[in-house]
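All remarks here apply to the structure that follows.
The values are calculated or read from the model by the stated rules, or taken from the named source; none is laboratory data. Because the structure is predicted, anything quoted here is derived from the model rather than measured. Neighbour counts are summed over all protein chains in view; Cβ atoms, including those assigned to glycine, are modelled from backbone coordinates with ideal geometry.
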Amino acid sequence: MKKLFLFALVIAIAGGGIGYYLWNKPPEGVAKKKPDFILTPAELLTDFQNNEEAANAKYLGKVVQLNGTILEIVPGENMEMQVILETGDLMARVSCVMKEDYNTFLERKLKRGDTVTIKGFCTGVIMDVVVDRCVIVN
């Protein structure tokens, strides 16, 4: 009986340790991942406008690399930055939520009109097409 109790205790402690690790594991980074798709913001937006369901099946959770022009830089919540990319459509945009904080982003000295390559995880459409946990590709 004592051995069974000790065995169950060891299993419970190991399970608790694994659960704690998985709960506190940082989100998957995009910087070293190979992009699943390389396209322009206009191409990504067009896919979502033409057929949102098919675009969700194709892009959701995938790493997309976007080559485009900065339309706007918006400071977000918790010192995050959003980079809005030019799509050619005044009513719809591609919004890239940057992984780096506001101060780190400012050090890059990027501004409206600069051409940039951004890589991140596509999370679908809210009002804009949203790409999350983005990094600037050098």
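Please work out which residue is surrounded by the most Cβ atoms within 10 Å (Cβ to Cβ), limiting yourself to the stretch 38-51 and to residues that are hydrophobic (A, V, I, L, M, F, W, C) and not in a helix (DSSP H, G or I).
At the first step, the residues of the stretch 38-51 found to be hydrophobic (A, V, I, L, M, F, W, C) are 38-39, 42, 44-45, 48.
Narrowing further to those that are not in a helix (DSSP H, G or I): 38-39.
Working: ILE38: 15, LEU39: 17.
Taking the candidates together, the pick is LEU39.
Test each condition in (1) surrounded by 10 or more Cβ atoms within 10 Å (Cβ to Cβ); (2) touching a strand residue (DSSP E or B) at 6+ places or on another chain (Cβ under 8 Å) for GLY17 and report the one that comes out false.
Just one mismatch for GLY17, condition (2).
Quick check on the stretch 92-115: of everything there that is buried (at least 17 other Cβ atoms within 10 Å of the Cβ) and among the basic types (Lys, Arg), which residue is farthest from ILE70 (Cα to Cα)?
My answer is LYS99.
Given the condition at pLDDT 90 or above, over 16 Å from the mean Cα position of the chain (by Cα) and either within 14 Å of CYS134 (Cα to Cα) or assigned to a strand (DSSP E or B) (or both), answer yes or no: does some residue in the stretch 52-68 qualify?
Scanning the stretch 52-68, I find at least one residue that is at pLDDT 90 or above, over 16 Å from the mean Cα position of the chain (by Cα) and either within 14 Å of CYS134 (Cα to Cα) or assigned to a strand (DSSP E or B) (or both), so the answer is yes.
What are the residues in the stretch 79-130 that are at pLDDT below 85, assigned to a loop (DSSP other than H, G, I, E, B) and not hydrophobic (A, V, I, L, M, F, W, C), if any?
ARG108, LYS109
For THR104, state whether it is free of Cβ contacts under 8 Å to residues at least 12 places away in the same chain and within 19 Å of the chain's Cα centre (by Cα).
For THR104, the condition - free of Cβ contacts under 8 Å to residues at least 12 places away in the same chain and within 19 Å of the chain's Cα centre (by Cα) - is met.
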